[in-house]
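Please treat every number below as a calculation from the coordinates, not as lab data. Keep in mind it's a predicted model, so treat the numbers as computed, not measured. For neighbour counting, all protein chains shown are included, and Cβ atoms are generated from backbone atoms with ideal geometry for every residue, glycine included.
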Amino acid sequence: MKIMSFQASLAAAAMLAAAWLASPVSAQTQTAPAAAPAQSTAQQPAASPAPAPAPTAAAPAAPSAAMPAAAKPEAAGVAPAMKELSPWVMFQSADVIVKAVMIGLAFASLMTWTVLIAKSIELSVASTKLRSALKKIAEARSLAEAQMALGAKEGVLPSFLAAALREARMSAGLSSDAGIKERAASSFQEIVRAEARRIRIGMGVLATIGSTSPFVGLFGTVWGIMNSFIGISKSQTTNLAVVAPGIAEALLATAIGLVAAIPAVIIYNHFSRVTKNYLELVNRASGAAGRLLSRDLDRSHGSVHSRAAE
């Protein structure tokens, strides 16, 4: 009986020991599957390449979101496309006042070149005629002989000869040769002044264009830049595409002003030298007419003295 109870107690103790040993194993087997997913989820971003396609799928969305932001200023008209800035396009796009300034300066430049051509021909022809006339009367001994050498031509030298003959005729019977020469010299000076005024016609236009054209062009530039700043304030931007056309149009007025002024100044200085040379020829003609008048007076007085001696 004791043996049976002892065996039963041993069997119960063995069952308890087996149950105690089996309980940790079952707990480990139950916690392992729960930990495994946590470890797999923790290690998945580093080891698994599966999340890599996510950025590639989202990458097209970034340009699509940035493209409207970049296209938005153009849609709003803040930064329009740059247009061709040729002189003709800038003139057409300029303000009415700036256009008027440019047209006026272009007309002034046309007048400058017209005066250049006209005065060059006039001075060349006048100088050639006067030199030829001076050569013709170089051997003349009297006013009448000089008039016959020149013929019925018009010019400054025939005017001197006519004035000398008129004064000699009007002073006939007077005994003072000095008075005749003085009155003839006064007539010669009037002819010289009239010829100087005639030959300088057009040079005042050159002087006016050369001195005022830069300031007129500057006025157009100031007006154009003022309009450009007004456009900047309205568009609320300082983008070069908005500012550059207006400033270029304004500067074009200054450029045209300089194009009109610089040739005018150069041409004026050139004609000043040429006119001075021509007036020297006129003074030579005046001196030649005065010498012929003096010879005629001396000859007439000599003939009177010879008759008185006879």
Between residue 279 and residue 182, what is the FRET efficiency for a Förster distance of 35 Å, r being their Cβ-Cβ separation, to the nearest 0.05?
0.95
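By how many nm would the segment from residue 154 to residue 174 lengthen if fully extended, with 0.36 nm per residue of separation less the alpha-carbon distance? Walk me through the numbers on the way to the answer.
On the way: separation 20, 0.36 × 20 = 7.20 nm, distance 3.01 nm.
Working it through step by step, the gained length comes to 4.2 nm.
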Calculate the spin-label point distance for residue 235 paired with residue 251, positioning each point 7 Å from the Cα along the beta-carbon direction, and give it in nanometres.
1.6 nm
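Assign unit charges at the C-beta atoms only (+1 for Lys and Arg, -1 for Asp and Glu), then state the dipole size of the range 87-309 relative to its Cα centre in Debye, rounded to the nearest 20. Can you show the working numbers first?
Details: 24 positive and 14 negative charges, 147 e Å.
Result for the range 87-309 is approximately 700 debye, rounded to the nearest 20.
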Hydrodynamic calc, the range 87-309: Kirkwood Rh from Cα pairs, then Stokes-Einstein at 10 °C with viscosity 1.306 mPa s, so D in µm² s⁻¹ is 73 µm²/s
Filtered pair list for the range 87-309 (Lys only, Cα < 28 Å, 8 or more apart or interchain) has a length of 18
So, in Å, what gap is there between the alpha-carbon centers of the range 131-154 and the range 204-256?
59 Å
Virtual spin-label span in nm between residue 118 and residue 142, 7 Å along Cα→Cβ
4.3 nm
